[in-house]
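The block underneath contains the structure these notes are about, expressed in structure tokens.
The values are calculated or read from the model by the stated rules, or taken from the named source; none is laboratory data. Because the structure is predicted, anything quoted here is derived from the model rather than measured. Positions of Cβ are backbone-derived with ideal geometry, glycine not excepted, and every protein chain shown enters the neighbour counts. Only protein heavy atoms, including side chains, enter the accessible area calculation; ligands, DNA and RNA are left aside. Shrake-Rupley method; radii C 1.70, N 1.55, O 1.52, S 1.80 Å.
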Amino acid sequence: MSIETSLREKLNGSSIKVNEPLKNYTYSHTGGIADYYITVYNIHDAMETIHFAREHNIPLTYLGNGSNLIIRDGGIRGIVLNTLELKDIKREGDYIIAGSGSRIIDVSRFARDESLTGLEFACGIPGSVGGAVYMNAGAYGGELKDCLEEVKVVTPEGELLTLHRDELHLGYRQSIVQENGYLVVEATFKLAEGNIDEINAVMTELTRLRESKQPLELPSCGSVFQRPPGHFAGKLIQDSKLQGHRIGGVEVSKKHAGFMVNIDNGTGSDYEELIHYVQKVVKEKFDVELQREVRIIGEHTKNPNQE
């Protein structure tokens, strides 16, 4: 029995695609082929997929909204598990419970509509809840750790766990989800009663700032580098005269130096080469080592001369 047939028998209505182009699922429009691309519609199927991959020794990669991600041109072997259909959002008292596939922007808007304050900072973060938890996403002075109460995850062994905020090891773009290879399936946020007009005013201003400063009109992988201690990555890149520098179809944004935009069918290789070049120049000019915030996954294109 083929892997595809076995998966279809095991999973209850989840979508299974074979040899699926991953560039269709990333904001950067990069990525080769996934052997198997599975979109799950419930936690049970997520757990079943993890069990199946473990039992059959098949590589397994998790994918959310693909907003702060570069996938290499060689694609991803094995199974890519997508959680975007785990997108229910509900309120219980001062808590909001959201599926990991829901966009953190939508959770922020839901909180506003419910007159709950505490998630305004997230109104412009394009990632999924799962991705936001994975990297403790933040913007405009706020981070997920400020309002995250608990998270449901599936371990690499397929076990469902509930972790309290104190167990998540949330730091700057860090979490235990990264450390232990967990799959986030649900998150609970603890917020406070607020005034909807005041909440909306804050979100409107943050949206204005984001739209005026960031190159939202072009495909990108989001903020490329972490903030170096005592510096701003974008300022270092700007002062290095790198805005507009291009490799292949990817260039350092002229609008915001902390972004790299896909202007002409850029590839994962173009992104990687440009990232390494920017790191090299900034190191030479300012003796600062820029650390990536964007994740890079997948395989390099196979050398045609390689056996």
Scanning the range 166-199 for residues that are open to solvent by 60 Å² or more (accessible area, probe 1.4 Å) and over 27 Å from Ile43 (Cα atoms), the one modelled with the lowest pLDDT turns out to be Tyr172
Out of the range 57-105, which residues are of a type in the set (A, V, I, L, M, F, W, C) and farther than 16 Å from Val40 by Cα? Ile58, Leu69, Ile70, Ile71, Ile76, Ile89, Ile96, Ile97, Ile104, Ile105
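Out of Asp88, Asp94, Asp106, Asp113, which single residue is modelled with pLDDT of 95 or more, surrounded by fewer than 17 Cβ atoms within 10 Å (Cβ to Cβ) and farther than 22 Å from Glu198 by Cα? Give the steps one after another, and end with the answer.
Details: Asp94 fails: farther than 22 Å from Glu198 by Cα; Asp106 fails: farther than 22 Å from Glu198 by Cα; Asp113 fails: farther than 22 Å from Glu198 by Cα.
When all the criteria are applied, what remains is Asp88.
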Of all residues being touching a strand residue (DSSP E or B) at 6+ places or on another chain (Cβ under 7 Å) and farther than 20 Å from Asn136 by Cβ in the range 215-226, which is surrounded by the most Cβ atoms within 10 Å (Cβ to Cβ)? Just the residue, please. Ser220
What's the number of the condition Gly234 fails, among (1) closer than 19 Å to Arg173 by Cα; (2) open to solvent by less than 60 Å² (accessible area, probe 1.4 Å); (3) out of contact with any Leu (no Cβ under 9 Å at 6 or more places or on another chain); (4) outside any helix (DSSP H, G or I)? (4)
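Keeping to the range 114-132, report how many residues are closer than 13 Å to Thr188 by Cα and touching a Leu at 6+ places or on another chain (Cβ under 6 Å).
First, the residues of the range 114-132 that are closer than 13 Å to Thr188 by Cα: 118-119, 129-130, 132.
Filter once more, keeping what is touching a Leu at 6+ places or on another chain (Cβ under 6 Å): 118, 132.
Qualifying residue count, the range 114-132: 2.
What about Thr267, is it crowded, with 18+ Cβ neighbours inside 10 Å, of a type in the set (S, T, N, Q) and within 24 Å of Met135 (Cβ to Cβ)? Give the steps one after another, and end with the answer.
Values: crowded, with 18+ Cβ neighbours inside 10 Å: yes; of a type in the set (S, T, N, Q): yes; within 24 Å of Met135 (Cβ to Cβ): yes.
So Thr267 passes the test.
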